[in-house]
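Student: Okay, here's the structure, questions in a sec.
Rule-based calculations on the coordinates, nothing more; no lab input. Worth saying up front: this structure is predicted, and the values here are computed from it rather than measured. Heads up, the Cβs are rebuilt from the backbone with ideal geometry, glycines too, and the neighbour counts pull from every protein chain shown.
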Amino acid sequence: MKTYMILVLSFVFSVLAPATLQAGNLKGNDQLVKEITDLVKKEYPRFIASDPQEVTVHFQINAKNEIVVFDTTGKDADTCDKVKEVLNFQKVKFKDAKPLKPYTVQIKFSR
């Protein structure tokens, strides 16, 4: 079981690493993608459905460095809702955040 979880998490990291963000500084965005990946990783085994799926998260970072999720889209509404619940109002250490600037991240899940 432990090997299975390591395999699943390594796959998640390989999929999430190239996730796209709509912003200018690619190096800084990598830090943000990693932080979001870490937040989702904590809850990943609890809510992933059996079918591979993709969730697109639209959000901003407020003045308190919290993620404010506007919308999540994907095939499974339950997974979208749970991703939104996990990420909404989580603090990030991302220093290059521009308040009120919209960001988009695509997260792919697979068993």
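Student: Can you list the lysines whose alpha carbon sits under 20 Å from that of Lys101, skipping same-chain ones fewer than 8 residues off?
Tutor: Correct list for Lys101: Lys27, Lys34, Lys64, Lys84, Lys91, Lys93.
Student: What ranking of Tyr103, Tyr44 emerges when the number of other C-beta atoms within 10 Å of each C-beta is taken as an exposure proxy, fewest first? Working shown, then result.
Tutor: Values: Tyr103 22, Tyr44 18.
The fewest-first ordering by Cβ neighbours comes to Tyr44, Tyr103.
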